[in-house]
Structures are given as C-alpha cells and as structure tokens.
Amino acid sequence: MVMEGKNIAVSAVEEVQFEEGFSLLRMQNEGSVNQHLTREIDCSYIQFHFGLRGDSKFNFNGGRYHLQVGEEQSLLLYNPQRDLPIDVEIGPKAQLLSVLISIRKFHSLFSHEAGYIHFLSEENRDKKYYDNVDVSPAVMVILNQMVHHNLHDSVKRLYLKGKVYELLGLYFNRPDNADVDQCPFLIDEENVAKIKRAKDIVIANMSEPPTLDNLANEVGLNLKKLKTGFKQIYGDSVYSFLFDYKMEYARKMLEGGEYNVNEVGFKIGYSAASHFISAFKKKYGTTPKKYLMSLNA
C-alpha cells in the first residue's frame, strides 16, 4: 500500500514498519499549496494522527465529512464496523506523524488495562471511537524527538519503536481519579472554557506566570477547581505543564538559530543562564549547547 500525492516533489511520505500491523508514517508538505495523500486502511486498525506543524484536513465518506488537525493537535480514529482509509489534505508547510496499529496489537499493549482505556472495554469493543484533541507539551517533545534525531539507520527503527510506545503511554496517561467521561466538572462546558483560558494565560505570560491564586481569580474558578480541572484536562499540574511548554518552546527557538542560549533562557523567564541550562538538562538530559551540536553533527 503506497501513499499517493498530487505533487510528490514537494510532499514526502516515510513509513517505518515495526512489525505486522504496527507502523509509523511521517507525512509532510514543504510546498505552498495543499497536497492530497491517500492510503487504504482496513477496519482492524486504530489510527493516531499528530500535527507537528501547519494544518491538515482528513476527509471521510467521499469528502462529505471533515476533521481538522492543526499544530499540536491529535486525531484518534477507530471504527471496527467499516474501513477508514486515510484521505488527507496536508496544508502548506504542514507535517504529520501517524501511528497505525492493529486492534490485536493494541489490545496486547493494554491487555490488563482495558477498563482504563474505556473504548477497549468489553461493552465498547465493537463501537466506533473518534477523538480530536490538543496534545500536551510532553507529547510534543516526544513527537519532535521522533523527527529531529541523528541516528544511524541500524538503530533508527528500534529508537522510533520505543518512542511510539512512550508516545502512547503519554497519550493515554491521566490521573487515577480523573475520569474525563464521567466527571461532572468536565461536562460543564463553561468550566472547561475557563481551564483552557487559564492555560492560554500561563503560556502568554510564561516568563512571569501568575500565581495560582491570581490565575484562579482571573478565570473565575476557585483554587481547588482550577488545580483539579487543569490536571483532568491536561494531565499535569499548571506549573509542570508550563515547564514542559517552556522547554519545548526554548528547544524550537534554539533550533531556529536566531537567539543564543542566554537570550532564549531570558525570553522564557530565566534571569540566569545557568538556571536555564540546568532546567534544559533536566528535561532533555543534555545542555542546550550539546543539543545544538548534536543537530549539526
């Protein structure tokens, strides 16, 4: 099965098959117009699509229905009742990573946790399931590591397979007491909007974030609801989420080459370069300088 593009010169598709029924697709469009890619996939597969940059549109039912996947968004597709071929329009400068995994393989990963992954439960196993959500900074870190690496071909497949497992673990991770489907708090759309606004506020002010008390007052929630709701939606505390976001933001700035290490650290709120370097190493296991050297090796 081969991807087909209208103009393969400006679109690229790379597939890594780990084993039967388990593969990774990287799709990107470096051109200035949309590229149309298709691939047949039968109903025995679960599809995970992650937007790294740009906007893409997945078409269904002959183009009569669409779902958008923008930057830092994901789309999960599973329908055991009918085939779901990939039919995607990749926007200019857009990039997607997709994990295709058979339901048999997926069950083997979560065989003891079927109740936790609710669409794996006995009563849901024959029902379709679609999920179109934002992804966390921690997930974006893994996705970018899967794209930006400098590995010999002999270990690349092993590395990527490990990263896919890590990706799935983070994707489905949430606190033990956070049942997104059952929690009355999250059914209240007004509360969800307030939590998302809180996320936008801390990102917009990442160099000098507000205190939790001030943030709660600004979005109109009490402190307990802010902390509980944020963890339920984003899988992490406010400041842990912000730390991951800042490190990912810093990594992208370093790769852009416009700012040096000191300037990047200052822009995300570190008054001392040593503190930024320490934080970066805590997140990525290496210093900013060594990270940049690895990209140019």
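The values are calculated or read from the model by the stated rules, or taken from the named source; none is laboratory data. Owing to the predicted nature of the structure, the values given are computational and were not obtained by experimental measurement. Glycine gets a Cβ as well: all are built from the backbone with ideal geometry, and neighbour counts include every protein chain shown.
Quick notes
- Considering the range 47-67, and only residues there that are of a type in the set (S, T, N, Q) and free of Cβ contacts under 8 Å to residues at least 40 places away in the same chain, the residue that is surrounded by the most Cβ atoms within 10 Å (Cβ to Cβ) turns out to be N59.
- Verdict on Y116 being at pLDDT 75 or above, over 22 Å from S294 (Cα atoms) and not aliphatic (A, V, I, L, M): no
- Cross-chain or 6+ apart pairs with Cβ under 8 Å, the range 21-42 first and more than 12 Å from D87 (Cβ to Cβ), then aromatic (F, W, Y): G21/Y45; L24/F18
- When the range 230-240 is filtered for residues that are modelled with pLDDT of 90 or more and not polar (S, T, N, Q), the ones remaining, listed by number, are V238, Y239.
- Flag for Y245 being crowded, with 20+ Cβ neighbours inside 10 Å and of a type outside the set (K, R): yes
- Filter result for the condition that a residue is part of a strand (DSSP E or B) and out of contact with any helix residue (DSSP H, G or I) (no Cβ under 9 Å at 6 or more places or on another chain), over L37, L52: L37
- Single condition R174 does not satisfy, out of (1) within 23 Å of I103 (Cβ to Cβ); (2) surrounded by 14 or more Cβ atoms within 10 Å (Cβ to Cβ); (3) modelled with pLDDT of 85 or more: (3)
- Checked against the criterion of being polar (S, T, N, Q) and out of contact with any Lys or Arg (no Cβ under 7 Å at 6 or more places or on another chain), the candidates Q68, Q81, Q47 yield just one match: Q47.
- Condition check for G285: without any contact (Cβ under 8 Å) to a residue 60 or more places away in the chain and small (G, A, S): yes
- Within the range 278-291, the set of residues being farther than 13 Å from F243 by Cα and surrounded by 17 or more Cβ atoms within 10 Å (Cβ to Cβ) comprises P288, Y291.
- When residues of the range 198-239 are limited to those that are of a type outside the set (A, V, I, L, M, F, W, C), in contact (Cβ under 8 Å) with a residue 60 or more places away in the chain and in a loop (DSSP other than H, G, I, E, B), the one farthest from F280 (Cα to Cα): G235
- Residue check, L77 surrounded by 17 or more Cβ atoms within 10 Å (Cβ to Cβ) and not assigned by TED's automatic domain parsing to the domain that holds Y249: yes
- Output for the range 19-33, where each listed residue is buried (at least 18 other Cβ atoms within 10 Å of the Cβ) and not small (G, A, S): F22, L24, L25, M27, Q28, N29
- Among residues of the range 240-259 that are outside any helix (DSSP H, G or I), none has a Cβ under 6 angstrom from a residue that is charged (D, E, K, R) and surrounded by fewer than 16 Cβ atoms within 10 Å (Cβ to Cβ) at a sequence gap of 6+ or on a separate chain.
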